[in-house]
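The values are calculated or read from the model by the stated rules, or taken from the named source; none is laboratory data. The structure displayed is predicted, hence computed values, not measured ones. FYI the Cβ positions are ideal-geometry reconstructions off the backbone, even for glycines, and counts take in every protein chain you see.
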Amino acid sequence: MKSVLNWCYKNLTAKYPGTILALAIILSGVAIYTASGLKYNSKMDNLLPQDLQLVKEFNEVVAKTGGSGPLVVVLEGLGQRQAHQVIDELTTELKKVPGTHFVDSQIPREFLRQRQLLLVPRQDLLRVEALIDDAIEYAREELGGFFGDVEIFNPVELQAFADDYNFFEDISPYHKGKDLQNYYIFVKPKGTVTDTDFTEKFVGAVQQAIERTGLEKKFSGLKIKLTGSLVVRLEENKTILNDLKSSAILAAALAAFILFVYTRSFFSIPLIIFPVAGVDDLHLCPDTVNHRQPEHYLRVPRGHPAGAGSRLRHPLLHPL
């Protein structure tokens, strides 16, 4: 391999430097022209074969549902009296965000009130029906007698069912957690979490919409945060980018260390990686093509800090 490279240098590079430079410029121009047609697509789903049945079904579901999981807006420290004003104002602003499919901020209160028992499992519903029948029968027996105090029928089992399914409690019109401390708003995007570019822009637009409302400044103690699969994906991407930057810095440090160990000179590192003076200012000594010399030198031009007319020993300039 060394002999081939040596022949190419002596018969091509040394004899026709201008032709080789012109050819390199032409090839670079063709490469740049070809690369100008490349497009960046941040959607990871496109990396999969689109003719697969699984991918087709996934795209069909995305088209019907509007995307992947929602972006969850968490309202911490919001009082019950201010909930109506804050959530309605924030919902109106979030609906204006580009890429929003819909905003879910309220529970269908009337629907659940009229159909609440339909959410109870059939076995539990039959048991509740039997308990209510027993309670009605007991009430008939008690009220069918003469005057006297009537004890209220309230068995422990029926009360347990009522507590589990909130039969007799008022339904909150807004989404609240199990601890009943935070309120939640669900923003459904049109894109998917696999589209990194869309996810970053959408989350940023939602954050700007929240800041425009100024609700955190109007209501003391109110904190509005974002969570959900979209935020998790952005955090994962940020971690990956930080790891890549750290790897690049480590690789550069190792490369510089290897160059220093090989050349035993710090000057060789910028000389190899970054051209310090350009081709016109650097002149090789005539003996650089003399294969009998064990070492070759790089002549420093006049006015260089290393000294006028001095020569630097550089093992990397050994003949091939």
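Beta carbons closer than 8 Å, at least 6 apart along the sequence or on distinct chains, pair a first residue in region 134-145 that is farther than 21 Å from VAL156 by Cβ with a second that is modelled with pLDDT under 75 for LEU143/VAL150.
VAL103 meets the conditions (1) under 30 Å from GLN207 (Cβ atoms); (2) loosely packed, with under 13 Cβ neighbours inside 10 Å in every case but one. The failed one is (2). A residue that is at pLDDT 75 or above, exposed (fewer than 11 other Cβ atoms within 10 Å of the Cβ) and in a helix (DSSP H, G or I) can be found somewhere in region 147-158.
Restricting region 30-60 to residues that are of a type in the set (S, T, N, Q), part of a helix (DSSP H, G or I) and within 18 Å of THR194 (Cβ to Cβ), the residue that is modelled with the lowest pLDDT is ASN46. Of the residues making up region 106-140, just one is polar (S, T, N, Q), surrounded by 11 or more Cβ atoms within 10 Å (Cβ to Cβ) and in a helix (DSSP H, G or I), namely GLN116.
Scoring PRO189 on the criteria (1) at pLDDT below 75; (2) touching a strand residue (DSSP E or B) at 6+ places or on another chain (Cβ under 9 Å) leaves a single failure, condition (1). For region 61-92, residues that are buried (at least 16 other Cβ atoms within 10 Å of the Cβ), among the hydroxyl-bearing types (Ser, Thr, Tyr) and either modelled with pLDDT of 80 or more or over 22 Å from the mean Cα position of the chain (by Cα) (or both) total 1.
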